[in-house]
1. Just wondering, is there one or more residues in region 97-106 that are farther than 19 Å from SER36 by Cβ and not polar (S, T, N, Q)?
2. Anything in region 33-54 that is in contact (Cβ under 8 Å) with a residue 60 or more places away in the chain and either under 17 Å from LEU133 (Cα atoms) or of a type in the set (D, E, K, R) (or both)? List them, or say none.
3. Does ALA32 fit the bill of being touching a helix residue (DSSP H, G or I) at 6+ places or on another chain (Cβ under 9 Å) and closer than 27 Å to LEU139 by Cα?
4. Of the conditions (1) at pLDDT 65 or above; (2) open to solvent by 70 Å² or more (accessible area, probe 1.4 Å); (3) within 60 Å of the chain's Cα centre (by Cα), ILE177 clears all except one; give me its number.
5. Which of (1) under 19 Å from VAL135 (Cβ atoms); (2) more than 35 Å from the chain's Cα centre (by Cα); (3) not in a loop (DSSP other than H, G, I, E, B) is the odd one out, the single condition ASP85 does not satisfy?
6. So, in region 63-95, exactly how many residues are surrounded by fewer than 15 Cβ atoms within 10 Å (Cβ to Cβ), within 15 Å of CYS42 (Cβ to Cβ) and touching a His at 6+ places or on another chain (Cβ under 8 Å)?
7. Within region 53-62, restricting attention to residues that are part of a loop (DSSP other than H, G, I, E, B) and either open to solvent by less than 30 Å² (accessible area, probe 1.4 Å) or out of contact with any strand residue (DSSP E or B) (no Cβ under 8 Å at 6 or more places or on another chain) (or both), which residue is farthest from TYR115 (Cα to Cα)?
Amino acid sequence: MEWPWLFLYLSLHITGCQKTPALFQTPLRIVALNNSTKEMVCAMKSEQFSHLGIYWYRWSKESQEFQYILFSNVLHKHTLGDDIDKERFNVSKGSFQQSYTLKISRLQPLDAGTYYCAVSQYSELLFGNGTELSVVNSLPSTEKPTEKTLPPKKPLRCKPSSITPAKMKGSSCSGFIWAPLATCAVILLLSLVIAIRRFQRLRRRLRLHFSKQVLK
């Protein structure tokens, strides 16, 4: 089963493989539990690929290499790569002719990697955009951390009947009581000063007016 590796190596060096992907894969990322089953879909953008078989490869971050998974022809016959369990890997055609679904059962950590579907056309391999598969023992929690709610503060109330001069000195309500009183006292004092000055001016004017009348 060395020919798929040679075919892949040669096609990766052809400029046609760098064009816009002719295959579209969904989903882009899968996080799956160990021993679970997951599927990924490869859809062909053009009907001209419908008569071609489909290749599946896996890119491993650990080994930094492509691994040939399988090839499924138009007659639904599979050719699996080395060390690929045919009981766990299966490809089926979608409801319409232009899509293929790769199903992996009993997932294991070694199944993790980025899966690429591909078709061969004119001695070129046209790849999909890839589906990244992660296999974990437990899924990350999506619950939001609980926030501690503080008890509501009781409004501060001052009872006039219970306020005494002794309590006012140490009470937090004294500021609210004495501030308005002090303000009123200052205003009254200023008003009294202004009134006295006006009265003195008026008294002087009356004296001057009276003196003028006497001299006449």
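1. Looking only at region 97-106, we keep the residues that are farther than 19 Å from SER36 by Cβ, and these are 97-100.
Those still in the list that are not polar (S, T, N, Q) too: 100.
Yes - at least one qualifying residue is present in region 97-106.
2. LEU33, ASN34, ASN35, SER36, THR37, LYS38, GLU39, MET40, VAL41, CYS42
3. Numbers: touching a helix residue (DSSP H, G or I) at 6+ places or on another chain (Cβ under 9 Å): yes; closer than 27 Å to LEU139 by Cα: yes.
Yes.
4. It fails just one condition, (2).
5. All conditions pass for ASP85, except number (3).
6. Of the residues in region 63-95, 2 are surrounded by fewer than 15 Cβ atoms within 10 Å (Cβ to Cβ), within 15 Å of CYS42 (Cβ to Cβ) and touching a His at 6+ places or on another chain (Cβ under 8 Å).
7. Narrowing region 53-62 to residues part of a loop (DSSP other than H, G, I, E, B): 53, 61-62.
Subset that is either open to solvent by less than 30 Å² (accessible area, probe 1.4 Å) or out of contact with any strand residue (DSSP E or B) (no Cβ under 8 Å at 6 or more places or on another chain) (or both): 53, 62.
Working: GLY53: 16, GLU62: 14 Å.
Across region 53-62, the extreme among qualifying residues is GLY53.
The values are calculated or read from the model by the stated rules, or taken from the named source; none is laboratory data. Nothing here was measured: the structure is a model prediction, and the numbers come from that model. Cβ atoms come from the backbone with ideal geometry, glycine included; neighbour counts cover every protein chain shown. Just the protein is used for accessible areas: all its heavy atoms, side chains included, with ligands, DNA and RNA removed. Shrake-Rupley method; radii C 1.70, N 1.55, O 1.52, S 1.80 Å.
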